[in-house]
Amino acid sequence: DSGVTQTPKHLITATGQRVTLRCSPRSGDLSVYWYQQSLDQGLQFLIQYYNGEERAKGNILERFSAQQFPDLHSELNLSSLELGDSALYFCASSVGTAGELFFGEGSRLTVL
Amino acid sequence: AQRVTQPEKLLSVFKGAPVELKCNYSYSGSPELFWYVQYSRQRLQLLLRHISRESIKGFTADLNKGETSFHLKKPFAQEEDSAMYYCAATGTGGGNKLTFGTGTQLKVEL
């Protein structure tokens, strides 16, 4: 599958812990985006990277950080986890800095 | 603040009936508007964008700047149209920060 891949698909952890979500973009795509979808909420934009550089930032908490590596995969780090961080985290990619986004299947994080 | 509003969480129609999924936006400047769709057990994917002005799977959406709306329409609903539909908007000026609405679940009944 040459689409956007996200790992892990499911993750259960405890409050106060730290987790890392990983995303591999489609082949050839330079931009990576992270979105959070909580219960009864739409997709909330967190952050965008383009070719390794941060390009746009949304309402990303200070406890969260992300980066895009030279091979263009991205990681979203979530630390000091709280119950409210339980959500579906989506990664998407696009060729450039605009246009159609291609989404992964999401990583479901449950914080107990 | 930039905002996309989809007032209906769930829309249920009968097969063959017209469909209209509502979307209103609050944006400065001239945003680009999109509809994304998520079918059962599939990924979120682009359905259409206002700049392309095309009909996809029988769906159309017209940008009404006066009413700041971008409603999605289809004259005759099909069972395979049942899905979650998200309206989204992105501003101009660098980056590609797509702001999504909360989504409308469309259920087409036989």
For A:Pro70: the one exception among (1) crowded, with 21+ Cβ neighbours inside 10 Å; (2) in a loop (DSSP other than H, G, I, E, B); (3) of a type outside the set (Asp, Glu):
(1)
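Let me confirm something: among B:Ser55, B:Ser30, which residue is open to solvent by 60 Å² or more (accessible area, probe 1.4 Å) and more than 18 Å from B:Gly91 (Cβ to Cβ)? Give the steps one after another, and end with the answer.
Values: B:Ser30 fails: more than 18 Å from B:Gly91 (Cβ to Cβ).
It is B:Ser55.
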If I ask for residues that are open to solvent by 70 Å² or more (accessible area, probe 1.4 Å), touching a strand residue (DSSP E or B) at 6+ places or on another chain (Cβ under 6 Å) and assigned to a loop (DSSP other than H, G, I, E, B), which ones from segment B:1-27 would you list?
B:Gln2, B:Lys15
Exactly one condition in (1) part of a strand (DSSP E or B); (2) within 13 Å of chain A (Cβ to nearest Cβ); (3) more than 14 Å from the chain's Cα centre (by Cα) is not met by B:Lys107; state its number.
(2)
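Any idea which residue in segment A:22-65 is farthest from A:Val4 (Cα to Cα), counting only those that are of a type in the set (A, V, I, L, M) and within 14 Å of chain B (Cβ to nearest Cβ)?
Start the filter on segment A:22-65 by keeping residues that are of a type in the set (A, V, I, L, M), which leaves A:30, A:32, A:39, A:43, A:46-47, A:56, A:60-61.
Then keep just the ones that are within 14 Å of chain B (Cβ to nearest Cβ); that gives A:30, A:32, A:39, A:43, A:46-47, A:56, A:60.
Numbers: A:Leu30: 12, A:Val32: 10, A:Leu39: 23, A:Leu43: 17, A:Leu46: 17, A:Ile47: 16, A:Ala56: 20, A:Ile60: 21 Å.
The selected residue is A:Leu39.
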Could you please let me know if B:Ser40 is over 18 Å from A:Phe90 (Cα atoms) and out of contact with any helix residue (DSSP H, G or I) (no Cβ under 8 Å at 6 or more places or on another chain)?
no
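Can you find, within segment B:58-85, the residue that is nearest to the other protein chains (Cβ to nearest Cβ) among those that are open to solvent by less than 10 Å² (accessible area, probe 1.4 Å) and farther than 11 Å from B:Leu33 by Cβ? Reasoning before the result, please.
Going through segment B:58-85, the residues open to solvent by less than 10 Å² (accessible area, probe 1.4 Å) turn out to be B:59, B:69-70, B:72, B:77, B:81, B:83, B:85.
Then drop every residue that is not farther than 11 Å from B:Leu33 by Cβ, which leaves B:59, B:77, B:81, B:83, B:85.
Values: B:Phe59: 16, B:Ala77: 23, B:Asp81: 20, B:Ala83: 14, B:Tyr85: 11 Å.
In this case the residue turns out to be B:Tyr85.
Among A:Ser94, A:Ser107, A:Ser65, A:Ser79, which is the only one that is out of contact with any Lys or Arg (no Cβ under 7 Å at 6 or more places or on another chain) and farther than 14 Å from A:Pro25 by Cα? Outline the logic, then answer.
On the way: A:Ser94 fails: farther than 14 Å from A:Pro25 by Cα; A:Ser107 fails: out of contact with any Lys or Arg (no Cβ under 7 Å at 6 or more places or on another chain); A:Ser79 fails: out of contact with any Lys or Arg (no Cβ under 7 Å at 6 or more places or on another chain).
The match here is A:Ser65.
Assess whether A:Ser27 counts as being on the phi > 0 side of the Ramachandran plot and part of a loop (DSSP other than H, G, I, E, B).
Working: on the phi > 0 side of the Ramachandran plot: no; part of a loop (DSSP other than H, G, I, E, B): yes.
It is false that A:Ser27 is on the phi > 0 side of the Ramachandran plot and part of a loop (DSSP other than H, G, I, E, B).
The values are calculated or read from the model by the stated rules, or taken from the named source; none is laboratory data. Since we're looking at a predicted model, the values are computed, not measured. FYI the Cβ positions are ideal-geometry reconstructions off the backbone, even for glycines, and counts take in every protein chain you see. Protein only, heavy atoms only, side chains kept; ligands, DNA and RNA dropped before computing areas. Shrake-Rupley method; radii C 1.70, N 1.55, O 1.52, S 1.80 Å.
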